[in-house]
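Colleague: Submitted below is the structure of interest, expressed as structure tokens.
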Protein chains: 4
Amino acid sequence: MGIMRIGHVSLRVMDMAAAVKHYENVLGMKKTMEDEQGNVYLKCWDEWDKYSLILTPSDRAGLNYVAYKTEHDIDLDAFQKRIEAYGIATKMLPEGTLQSTGRMLQFMLPSGHEMRLFAMKECVGTEVGSSNPDPWPDNLKGVGVKWLDHLALVCELNPEAGVNRVAENVKFLKECLDFYLSEQIVVGPGGAIQAAAFMFRATKPHDIAFLPGPKAGLHHISFFLDSWHDILKAGDIMAKNKVKIDLAPTRHGITRGETIYFFDPSGNRNETFAGLGYLAQPDRPVNTWSEENMWRGIFYHTGEAYPAFSEVYT
Amino acid sequence: MGIMRIGHVSLRVMDMAAAVKHYENVLGMKKTMEDEQGNVYLKCWDEWDKYSLILTPSDRAGLNYVAYKTEHDIDLDAFQKRIEAYGIATKMLPEGTLQSTGRMLQFMLPSGHEMRLFAMKECVGTEVGSSNPDPWPDNLKGVGVKWLDHLALVCELNPEAGVNRVAENVKFLKECLDFYLSEQIVVGPGGAIQAAAFMFRATKPHDIAFLPGPKAGLHHISFFLDSWHDILKAGDIMAKNKVKIDLAPTRHGITRGETIYFFDPSGNRNETFAGLGYLAQPDRPVNTWSEENMWRGIFYHTGEAYPAFSEVYT
Amino acid sequence: MGIMRIGHVSLRVMDMAAAVKHYENVLGMKKTMEDEQGNVYLKCWDEWDKYSLILTPSDRAGLNYVAYKTEHDIDLDAFQKRIEAYGIATKMLPEGTLQSTGRMLQFMLPSGHEMRLFAMKECVGTEVGSSNPDPWPDNLKGVGVKWLDHLALVCELNPEAGVNRVAENVKFLKECLDFYLSEQIVVGPGGAIQAAAFMFRATKPHDIAFLPGPKAGLHHISFFLDSWHDILKAGDIMAKNKVKIDLAPTRHGITRGETIYFFDPSGNRNETFAGLGYLAQPDRPVNTWSEENMWRGIFYHTGEAYPAFSEVYT
Amino acid sequence: MGIMRIGHVSLRVMDMAAAVKHYENVLGMKKTMEDEQGNVYLKCWDEWDKYSLILTPSDRAGLNYVAYKTEHDIDLDAFQKRIEAYGIATKMLPEGTLQSTGRMLQFMLPSGHEMRLFAMKECVGTEVGSSNPDPWPDNLKGVGVKWLDHLALVCELNPEAGVNRVAENVKFLKECLDFYLSEQIVVGPGGAIQAAAFMFRATKPHDIAFLPGPKAGLHHISFFLDSWHDILKAGDIMAKNKVKIDLAPTRHGITRGETIYFFDPSGNRNETFAGLGYLAQPDRPVNTWSEENMWRGIFYHTGEAYPAFSEVYT
């Protein structure tokens, strides 16, 4: 099967106590591990691997790297060959580089973001277990997000200079990592410029997204919820916790997902994203959004430009 | 990728006009084709291939066969070799055997049900199209099911006679078709007997299910809806149309799905099934339900035996 | 305004510890008081008066009485005159008969059920308070019902003997207590027999219901939830707590409400009831359900008779 | 009972065809009447009286008047006496002033808005009827709003000049019309200034609201929907119809309602409002919002000031 899903994100935060409080009390994740460097590892209740988020103490916010999980350890060797053949350098980090985690294949996306692939992580089970499991656990805190679902990377787009890291990432993920394209925004004369792209491995609308910007960064990390009702409750809980909300509940045109964007205390944008939307499949026609419908694609209800959405990121 | 998803089901119906009315007016499918033998082809609004349901006039209800779609045409040759090597006879039906459909690899499951694999079917697009698509189309009829999601086959289970077609199917789908097991019910001393199984290819809780019974048959075909709210509306629409409901809205323990079971006018059981439930993955621990929790697994709320659910099928 | 709403229900339970656990852990009420006779008083989180449920230790289940609250204390005197003039004896129980409660006007309905009216009860506020209140409180337990919404009384109906306590109650509540009829089931030749009735004072479909049976009893007490989503969660929580469910989630035709019926450990039927349904108003045409549509009115989805619903009560 | 509910709103629109299209296709109302002056009358599907909205052709947007319905015709005489005794002039418009409508008591609120009371309007029934009614009708168009729920008037507030029309309206509605206060916003030193107020007659959070502004106007008219899910669908339908949305789906702190604000083609603000929120009652403690929590009260999720909400009205 190759790559199965997003495995974890390593994120920089400026105030660890505030960050842990945010991810635990607001999102409902649980701290599962801490290492000697002071990194804190957390997981969502419906994840079975030991962690999906690593918080690193730092003096600025942002993404260290994102890691995707492959089905078999041997997949890593195959991917290494393909990536190197594509002309991108790789490094195999040995098992134990991260606690409870197998070896990791490390490389840079064309956009300059670090990605890692790994096949093994300690399986601790979901919070409902796998023996006659309840549909959800008791004693959930806060929003109770189910899993880390995807992330969105800001990639340099500068058509005048002939730079389109969005398109370069798409090509690389398609050719080397077997990702499929589900949706795209095209701009410019004849829609010739692929300005944003949404790609999947699991059969849901996206496992990764590339958005355009002046320089590489992290746009948001996104957590899954079941339904629009959970989005309302999530908004309520953010209000109770005085979380800085970027955009109140709405529908995406792209992915059909229901969403709230908000920020962690360091300014890293989070999303709660609900609904399957549609069954993503290799043969599903790719959705294409034109420049004039771009904002309808992003915020379906109002369809209006919200510049801060493009301009603010870490 | 191999097999991607369920492609279509060929179903026998005794009153074609009543059947078409049911699948169109109640479920909201659309008739897309009809052939010279009087077979009627229908699709759901969010499917892009030309049909997912073939209704065949007959004097009794039941399943003719189920077809799954592979990513590439060449996959069919590879599967043929593996299936033959497993000791099961296959037949490659030439392109055009079915209108708008490529060649089909035909074989019998260990349980005696006919399965087909195919890679090509005319793509007609979803009803919202793929250019700046709305999240749902106008003028939906009835329930407005999104897609044919899975089916459940009744397989002979007779432990005294040493017959367990459920387990044989699981072994075959795992070894030859690369399906993964998501959940199972185990019964008997030490839970030694795999009495029901749920398997997936797309990363949702199931694409096929095997339930036990005295003889092979069709338990139900299932259509996807987004949410519990859609389940309520579906129940309302069934009521308005005087559809025979088998079981009013409830939650499954198995798959976490929200459901209504009901019957088409010929007595074929249908299901509207809502929610992603969880992200099915090859490395997700398999959920196992014990004999004493079996009914909780099926109808989570009451947890009570509902014998007609096991006994009535086509 | 006269009568405003249901104030409290006094219920007999056979195992007080089990009962308190049920109403606290499953329904999410809170114990607010206990008296010397061992009666336990509970309230829901969105109620501001001190209690809405009194549990009385007994050797059998059932209803002691139901109390409705009037706007002004002086209303009690006016109601006493009207009721006495109607030919029904009353008794004014002095303030302090119940802790934290003003004087109560006590009388028997034509059906033989005891009813009380009162105007004063200690106001303790809702759990969110009234100063910049959140929409719902933290640390809800279980289902988190919002308020005691209504109750349904079984009234003797024996047309052969010329006995119809349903109709007698309707007449009395209309003429003496200013209740309005929202819906009714009529049976028999020409629909001449009013077999069930639903009446309101607050502008929601019902504050009290009368159902027919061989002898007087309590059919159910009902608690309010916001939405169909809360009904799903309520069902999940009942499953986790192994509550005996009478009827899984469904829609009522009558009132349009969404519902689960279940039992407390003593066998008193409870309901979680969701949604406003419609705005009940004095001038809204009364909904009338015919004998052949009676079950559709009760359980809208299946429309099928469920005899235990009529036959089992306390 | 006195006043039961809002009866209708008379609204000025600048392009009648566009307005009718908006209220019919987007909101799902139906045109039921038209008069010689070119006024168009519409009703919602769950209303039984002949109309709840009158559109008047004009060269500017805004409110002509709002009419509330009393239970009995004789109530009008009683209200006339009370209002005149309060020092406000009234006029009894004879039956037939409006088609299908009885006599109307006309007067000006202290805020300068015209209000009318009436007791009789032709009853045409809801679209589901009252004989074995379905919970909702077939062939709904657009959002399918259930009823006109309330309106919000902008009232002059100028503390420096000693002008507070909000408070004057509250006093008048309480003393003369028997409205109850459910919630208020208080500002200034010691919260001495009642800057906004929410009042009810039906037992839901509000039938009328008063918001502060530099001069009298209409803030919005609001239509009822059942649930948060309907709010999502409403937003989708507005998007499909390119309706100008003021504020995407969110929760009110005040009333707990779920909401979208948007504009009709003339610029009159509309609201779709969902949920009962709480049972409004004469003895429920009044919710009070302080100046620093005012925006949290209005838009609970973000809690942020949205000046256009106060500044833009007709």
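Laboratory data are not the source of any read-out in this text; all were calculated from the coordinates shown. Everything numeric here is computed off the predicted structure, so don't read it as measured data. Cβ sites come from the backbone with ideal geometry, for glycine too, and all protein chains shown count toward neighbours.
Colleague: What list do you get for A:V186, D:V143 if you sort them by fewest beta carbons within 10 Å?
Modeller: Final ranking by Cβ density, sparse to dense: A:V186, D:V143.
Colleague: Sequence gap at least 6, Cα distance under 8 Å: using those rules, report the relative contact order of chain D to the nearest whole percent.
Modeller: With pairs under 8 Å counted, the relative contact order is 17 percent.
Colleague: Still on this structure, please answer the following. Distance from a point 7 Å along Cα→Cβ of D:E95 to each backbone N in the stretch D:105-127: keep the residues under 15 Å and list them by number.
Modeller: D:105, D:118-123
Colleague: Over the stretch D:147-311, what is the percentage of antiparallel beta bridges among all DSSP beta bridges, to the nearest 5?
Modeller: Roughly 65 percent of the DSSP beta bridges within the stretch D:147-311 come out antiparallel.
Colleague: About the Cα centre, and with charges only on the beta carbon of Lys, Arg (+1) and Asp, Glu (-1), how big is the dipole of chain C? Nearest 20 debye, please.
Modeller: 180
Colleague: Taking the DSSP beta bridges in chain C as the whole, what percent of them are antiparallel, to the nearest 5?
Modeller: In chain C, DSSP labels about 70 percent of beta bridges as antiparallel.
Colleague: I need the shape label for the stretch B:3-118. Rule: rounded when a/c is under 1.5, else prolate if a/b > b/c, else oblate, with a, b, c from the alpha carbon gyration tensor.
Modeller: It is prolate, given that a/c is not under 1.5 and a/b is the larger ratio.
Colleague: I've got another one for you. From Cα pairs below 8 angstrom and at least 6 apart in sequence, can you work out the relative contact order of the stretch C:147-311, rounded to a whole percent?
Modeller: Value for the stretch C:147-311: 25 percent.
Colleague: Right, here's the next one. Distance between the C-alpha centers of the stretch C:149-169 and the stretch A:24-58? Whole Å please.
Modeller: Result: 61 Å between the Cα centres.
Colleague: For B:117-124, what's the mean count of beta carbons from other chains sitting within 10 Å of each residue's beta carbon?
Modeller: 1
Colleague: Quick check on the stretch D:47-102: take the gyration tensor over C-alpha atoms, sort the square-rooted eigenvalues as a ≥ b ≥ c, and tell me if it's rounded (a/c under 1.5), prolate or oblate.
Modeller: Here the stretch D:47-102 falls in the oblate category.
Colleague: Quickly estimate the mean residue ellipticity at 222 nm for chain D, helices only: each DSSP H run with n ≥ 4 gives -39500 (n - 2.57), and the total goes over all residues, rounded to 500.
Modeller: -5000 deg cm²/dmol
Colleague: Sticking with this one: Distances from B:E292 to the same residue in each other copy, label points 7 Å out along Cα→Cβ, in nm, shortest first?
Modeller: 4.9, 5.6, 6.7
Colleague: Work out from phi, with θ = phi - 60° and the Karplus expression 6.51 cos²θ - 1.76 cosθ + 1.60, the ³J(HN,Hα) of each residue of the stretch A:110-127, listed in order in whole Hz, and give x for Gly and Pro.
Modeller: With the stated coefficients, the stretch A:110-127 comes to x, 6, x, 8, 7, 10, 10, 10, 8, 10, 10, 8, 4, 8, 10, x, 6, 6 Hz.
Colleague: Enter the Cα centre distance for the pair the stretch D:188-266 and the stretch A:95-134, rounded to the nearest angstrom.
Modeller: About 46 Å separates the Cα centre of the stretch D:188-266 from the one of the stretch A:95-134.
Colleague: Next question. Between D:N241 and D:S130, what's the calculated FRET efficiency when r is the beta-carbon distance and R0 is 35 Å? Round to 0.05.
Modeller: About 0.65, to the nearest 0.05.
Colleague: In a Debye calculation with equal point scatterers on the alpha-carbon sites of the protein assembly as shown and no solvent, what is log10 I(q)/I(0) at q = 0.04, 0.06 Å⁻¹?
Modeller: Taking Cα atoms of the protein assembly as shown as identical point scatterers yields -0.23, -0.54.
Colleague: Which residue, B:A152, B:T70, B:V166, has the largest displacement toward the positive end of the dipole of the stretch B:56-191 when charges sit on each Cβ (Lys, Arg +1; Asp, Glu -1)?
Modeller: B:V166
Colleague: Counting only DSSP beta bridges with both residues in the protein assembly as shown, what percent are antiparallel, rounded to the nearest 5?
Modeller: Of those bridges, close to 70 percent are antiparallel.
Colleague: Which residue, B:N169, B:N132, B:N241, has the most motion in a Gaussian network model of chain B that connects Cα atoms within less than 10 Å?
Modeller: With Cα springs under 10 Å in chain B, the top fluctuation among B:N169, B:N132, B:N241 is at B:N132.
Colleague: Determine, for A:E127, D:E292, the number of other Cβ atoms within 10 Å of each Cβ, and report the residues in order from fewest to most.
Modeller: D:E292, A:E127
Colleague: If amide H atoms are built 1.01 Å from N in the plane of the peptide, which residues on other chains or at least 5 residues away come under 5 Å of the amide H of B:Y261?
Modeller: Here the answer is B:D246, B:L247, since their amide H atoms fall under 5 Å of that of B:Y261.
Colleague: Based on Cβ point charges of +1 for Lys and Arg and -1 for Asp and Glu, what charge dipole magnitude is obtained for the protein assembly as shown about its Cα centre, in debye rounded to the nearest 20?
Modeller: 0
Colleague: Right, here's the next one. Once a ≥ b ≥ c are taken as the square roots of the eigenvalues of the Cα gyration tensor of the stretch C:64-167, is the result rounded (a/c under 1.5), prolate (a/b larger than b/c) or oblate (a/b not larger than b/c)?
Modeller: The shape class here is oblate.
Colleague: Mind listing the long-range amide H neighbours of D:H301? Cut-off is under 5 Å, sequence gap 5 or more, other chains count too, H placed in the peptide plane at 1.01 Å from N.
Modeller: Under 5 Å from the amide H of D:H301 lie the amide H atoms of D:R251, each far enough along the sequence or on another chain.
Colleague: Here's another thing I want to ask about it. Per-residue Cβ counts within 10 Å, from other chains only, averaged over A:230-243: what number is that?
Modeller: 5
Colleague: Here's a follow-up. Placing +1 at every Lys and Arg Cβ and -1 at every Asp and Glu Cβ, with all other atoms neutral, what dipole size does the stretch C:1-101 have around its Cα centre, in debye to the nearest 20?
Modeller: Dipole magnitude for the stretch C:1-101 comes out near 280 debye.
Colleague: With θ set to phi - 60° and the Karplus curve 6.51 cos²θ - 1.76 cosθ + 1.60, what are the ³J(HN,Hα) couplings of the stretch D:272-277 in order, to the nearest whole Hz, using x for Gly and Pro?
Modeller: Listing the rounded values in order: 9, 10, 10, x, 6, x Hz.
Colleague: To continue, here is another question. In peptide D:256-263, how many Cβ atoms from other protein chains are near each Cβ within 10 Å, on average?
Modeller: Mean shielding by partner chains, rounded to a whole number: 2.
Colleague: Charges on Cβ only, +1 for Lys and Arg, -1 for Asp and Glu, centred on the Cα centroid of the stretch D:147-311; of D:N287, D:F263, D:C176, which one is farthest towards the dipole's positive end?
Modeller: D:F263
Colleague: B:A78 to C:A305: FRET efficiency via 1/(1 + (r/R0)^6), r the Cβ-Cβ distance, R0 60 Å, to the nearest 0.05?
Modeller: With R0 = 60 Å, the Cβ-Cβ based efficiency is 0.65.
Colleague: Can you sort A:D75, C:D178 by how many other beta carbons sit within 10 Å, fewest first?
Modeller: In order of increasing Cβ crowding within 10 Å: C:D178, A:D75.
Colleague: Now, a different point. Residue of A with Cβ nearest the axis relating A to C, plus distance in whole Å?
Modeller: With distances in whole Å, chain A gives A:H229, 2.
Colleague: Explain nothing, just the number: relative contact order of the stretch D:165-204, from Cα pairs under 8 Å at least 6 residues apart, as a whole percent.
Modeller: RCO, the stretch D:165-204: 40 percent.
Colleague: Cut-off 10 angstrom, C-alpha nodes, Gaussian network model of chain C. Which of C:N25, C:N139, C:N293 fluctuates the most?
Modeller: C:N139
Colleague: Now, a different point. Among A:G62, A:G102, A:G125, which one moves the most in a GNM of chain A with springs linking Cα atoms closer than 10 Å?
Modeller: A:G125
Colleague: Please list, or write none, the lysines whose alpha carbon is within less than 17 Å of the alpha carbon of C:K244, excluding same-chain residues fewer than 8 places away.
Modeller: C:K21, C:K233
Colleague: Convert each backbone phi in the stretch B:46-51 into a coupling constant with the Karplus relation 6.51 cos²θ - 1.76 cosθ + 1.60 (shift: θ = phi - 60°), then list the ³J(HN,Hα) values in order as whole Hz, x for Gly and Pro.
Modeller: With the stated coefficients, the stretch B:46-51 comes to 9, 8, 9, 7, 5, 7 Hz.
Colleague: Under the rule of at least 5 residues apart or a separate chain, name every residue whose amide H is placed under 5 Å from the amide H of B:L218.
Modeller: Residues meeting the criterion, in which the H sits 1.01 Å from N, are B:L63, B:V154, B:T314.
Colleague: Relative to the other copies, what are the label-point distances for D:Y86, with labels 7 Å from Cα along the C-beta vector, expressed in nm at one decimal and sorted shortest first?
Modeller: So the label point of D:Y86 gives 3.3, 7.3, 8.0 nm to the other copies.
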